[in-house]
1. So, residue 46, is that one closer than 24 Å to residue 143 by Cα, open to solvent by 60 Å² or more (accessible area, probe 1.4 Å), of a type outside the set (Ser, Thr, Tyr) and in contact (Cβ under 8 Å) with a residue 40 or more places away in the chain or not?
2. Can you tell me how many residues within region 86-102 are surrounded by 15 or more Cβ atoms within 10 Å (Cβ to Cβ) and over 17 Å from the mean Cα position of the chain (by Cα)?
3. Being open to solvent by 30 Å² or more (accessible area, probe 1.4 Å) and of a type in the set (A, V, I, L, M, F, W, C) is the filter; apply it to region 49-70 and report the residue that is farthest from residue 14 (Cα to Cα).
4. Any residue at all in region 118-132 that's under 25 Å from residue 155 (Cβ atoms), surrounded by 17 or more Cβ atoms within 10 Å (Cβ to Cβ) and either modelled with pLDDT of 95 or more or in contact with a strand residue (DSSP E or B) (Cβ under 8 Å, 6 or more places away or on another chain) (or both)?
5. Report those strands (runs of 3 or more DSSP E) wholly inside region 87-176 carrying at least 3 residues which are without any contact (Cβ under 8 Å) to a residue 24 or more places away in the chain and under 30 Å from residue 13 (Cα atoms).
6. Any residue at all in region 71-82 that's free of Cβ contacts under 8 Å to residues at least 12 places away in the same chain and either surrounded by 15 or more Cβ atoms within 10 Å (Cβ to Cβ) or assigned to a strand (DSSP E or B) (or both)?
Amino acid sequence: LNLAPLSSFGGDTESKAIFAQASYTPDMLDDRLEFTVGGRYTRDEKTFWSSSFPEKGDKDFDNDSWLLSVNYQFTDDMMGYARVSTGYKAGGFSPRAAVLSTFEPEEALAWELGFKAEWLDNRVRTNVALFHTTYDDLQISQFLADSSGSAAVIVNAGEATFQGVEVELAAVLTENLTV
């Protein structure tokens, strides 16, 4: 009984993307307001083979992602911002599955609101952000076990939401010590 059969697998991935981003500062509010817009088109082509099964995998994925952002410089040392963007992670093949197993792309919609400041002659820096990200077709690794053995495969889990607060504080205490 061979409990650890020898298997090999491989494939090719080719990813191409084009990205553009532009910012605009209107002639109002002392040039402290800035708008940014960005876009990205991605095309991923993937092939896959395994010695565990005869068929080969071949899938292509396309995605358009975008970004909208606005920031306001309250003072030379304090800036607030708001951002909304989309993101993408290509789908593909689960190499350790017993049969040809595919998963779909993961997409995300992210919202962020933040504040950045430097204090005490730039010796203290604070960054605070509130974030909320919603995923569609979240990719997760799933453990499968049956009478033929076990495998870890990548599957789409559906929707998920991650949200929270991030706080960063850095202080220069001496010339040689930053906390």
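1. no
2. The number of residues fulfilling the criteria is 9.
3. Going through the qualifying residues, I end up with 70.
4. No: region 118-132 contains no residue that is under 25 Å from residue 155 (Cβ atoms), surrounded by 17 or more Cβ atoms within 10 Å (Cβ to Cβ) and either modelled with pLDDT of 95 or more or in contact with a strand residue (DSSP E or B) (Cβ under 8 Å, 6 or more places away or on another chain) (or both).
5. 139-146
6. yes
The values are calculated or read from the model by the stated rules, or taken from the named source; none is laboratory data. The model shown is predicted, which means the values in this text are computed figures rather than measured ones. We place every Cβ from the backbone using ideal geometry, glycine too, and count neighbours over all the protein chains shown. Ligands, DNA and RNA are excluded from the accessible area calculation, which covers all protein heavy atoms including side chains. Shrake-Rupley method; radii C 1.70, N 1.55, O 1.52, S 1.80 Å.
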